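Everything on this sheet refers to the single structure shown next.
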Amino acid sequence: MLKKHSRAQIVATIGPASKDKKVLIEMMKHQMDVCRLNFSHGTHEYHAMLIKNIREAAKAVGRKIPIIQDLSGPRIKTKSGHGIAKTFKSVVTEKDINDVAFGISQGVDYAVMSFVGGGKDIRDLRKAMSKLGKIIPIIGKVERKKGVQNIDGIIAESDAIMIGRGDLGNEIALEEIPFVEANIIKKCRAAKKPVITATQMMVSMVNNPSPSRAEVTDVAYAIINGSSAVMLSEETAIGKYPIEVIKYMEKIVLAAEKHLGPTTMARL
């Protein structure tokens with residue numbers, strides 16, 4: 001029997017550290033609610049294996065676990081990791097269209113549009129989906145200054161929002177990120193749309209069995225500010241402690257929710 005479950009959801013990125021069914025089952029038992037697949041890495045064959053394992057694990061624990069397909073957009077590799085290409089025709093690339101066709105064929109629940117600059121980018125992806133024969137819900141990922149500036153239009157066109165703080169930190173001053181995050185959350189709640197706070201939430205747990213005090217505070221304030229969901233990236237994809245990080249995150253979210261009082265939030 002599952003223990004008390006947080007109202008906010010925990011999204012976990014699935015990768016080499018968490019791909020096995022036994023690990024996925026334990027993560028689901030400890031309140032992983034949504035699985036994210038990062039299409040900046042891996043083949044369709046690899047992602048098909050992940051989807052199969054996720055679904056079999058979810059069936060084993062008797063839970064419905066939505067699957068998010070995170071499209072790469074005009075992402076390029078850089079010396080410091082990755083970033084957005086300097087020039088591109090559209091944030092919806094040919095690779096994205098091929099990937100979303102695969103995602104639709106696999107029955108994924110959401111597609112994330114990376115590097116969204118405005119509402120038109122969401123409409124462009126929806127138009128591409130329409131040509132493929134099925135439109136699935138779209139999560140607009142805000143990780144560019146242009147996206148912050150055009151946030152109202154992006155929220156209006158998207159089914160949900162993801163705040164991608166990693167790449168966003170390359171475009172705006174780091175000290176501004178907490179205030180941008182809080183403002184986007186507020187706008188999403190007003191629009192009654194789910195909002196995911198993402199990137200580096202508990203990144204020290206890639207190598208350590210417990211989080212830093214600052215990370216605990218970061219997750220707690222994302223919940224207090226009204227996030228519908230908090231997301232783990234490399235912590236669960238390649239980290240040493242994919243199950244432990246879910247346990248810690250759920251404890252923090254539950255503790256933060258004690259200070260929220262009665263509230264409703266949009267869910268994925």
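The values are calculated or read from the model by the stated rules, or taken from the named source; none is laboratory data. Just so it is clear, the structure is predicted and the values come from calculations on it, not from any experiment. When we count neighbours, we look across all protein chains shown, and the Cβ atoms used for this are built from the backbone with ideal geometry, even at glycine.
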Inter-residue pairs, beta-carbon under 7 Å, first farther than 15 Å from E157 by Cα and in the stretch 176-192, second in a helix (DSSP H, G or I) and of a type in the set (D, E, K, R), 6+ apart: I177/R165; E181/R165
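Condition (residue is in a loop (DSSP other than H, G, I, E, B) and free of Cβ contacts under 8 Å to residues at least 40 places away in the same chain) applied to the stretch 230-252: is it met by at least one residue?
At the first step, the residues of the stretch 230-252 found to be in a loop (DSSP other than H, G, I, E, B) are 233, 238-241.
Pick out the ones that are also free of Cβ contacts under 8 Å to residues at least 40 places away in the same chain and you get 241.
Checked the stretch 230-252: at least one residue is in a loop (DSSP other than H, G, I, E, B) and free of Cβ contacts under 8 Å to residues at least 40 places away in the same chain.
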Of all residues in the stretch 31-45 being surrounded by fewer than 19 Cβ atoms within 10 Å (Cβ to Cβ) and under 19 Å from the mean Cα position of the chain (by Cα), the one that is farthest from A198 (Cα to Cα): G42
Of all residues in the stretch 44-91 being touching a residue at least 24 places away in the same chain (Cβ under 8 Å) and acidic (D, E), the one that is farthest from M32 (Cα to Cα): D70
Cβ pairs under 6 Å, 6+ apart, first in the stretch 156-169 and closer than 11 Å to E143 by Cα, second of a type in the set (D, E): I163/E181; G164/E143; D167/E143; L168/E143
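List the strands (runs of 3 or more DSSP E) that sit entirely inside the stretch 64-104 and contain at least 1 residues that are farther than 17 Å from K141 by Cα and among the hydroxyl-bearing types (S, T, Y). So that I can check it myself, show each step before the final result.
Values: elements: 67-70, 75-78, 81-84.
In the stretch 64-104, the matching strands (runs of 3 or more DSSP E) lie at 75-78.
Please enumerate the residues belonging to the stretch 125-180 that are hydroxyl-bearing (S, T, Y) and surrounded by fewer than 18 Cβ atoms within 10 Å (Cβ to Cβ).
Residues of the stretch 125-180 that are hydroxyl-bearing (S, T, Y), as a first pass: 130, 158.
Answer for the stretch 125-180, where residues must be hydroxyl-bearing (S, T, Y) and surrounded by fewer than 18 Cβ atoms within 10 Å (Cβ to Cβ): just S130.
Here is a yes/no grid of residues against (1) out of contact with any helix residue (DSSP H, G or I) (no Cβ under 6 Å at 6 or more places or on another chain); (2) in a loop (DSSP other than H, G, I, E, B); (3) closer than 27 Å to G261 by Cα; (4) of a type outside the set (S, T, N, Q):
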residue: S6; (1), (2), (3), (4): no, yes, yes, no
residue: P16; (1), (2), (3), (4): yes, yes, no, yes
residue: S40; (1), (2), (3), (4): yes, yes, no, no
residue: Y46; (1), (2), (3), (4): yes, no, no, yes
residue: L50; (1), (2), (3), (4): yes, no, no, yes
Selected residue (criterion: modelled with the lowest pLDDT) from residues of the stretch 18-30 that are surrounded by fewer than 22 Cβ atoms within 10 Å (Cβ to Cβ) and assigned to a loop (DSSP other than H, G, I, E, B): H30
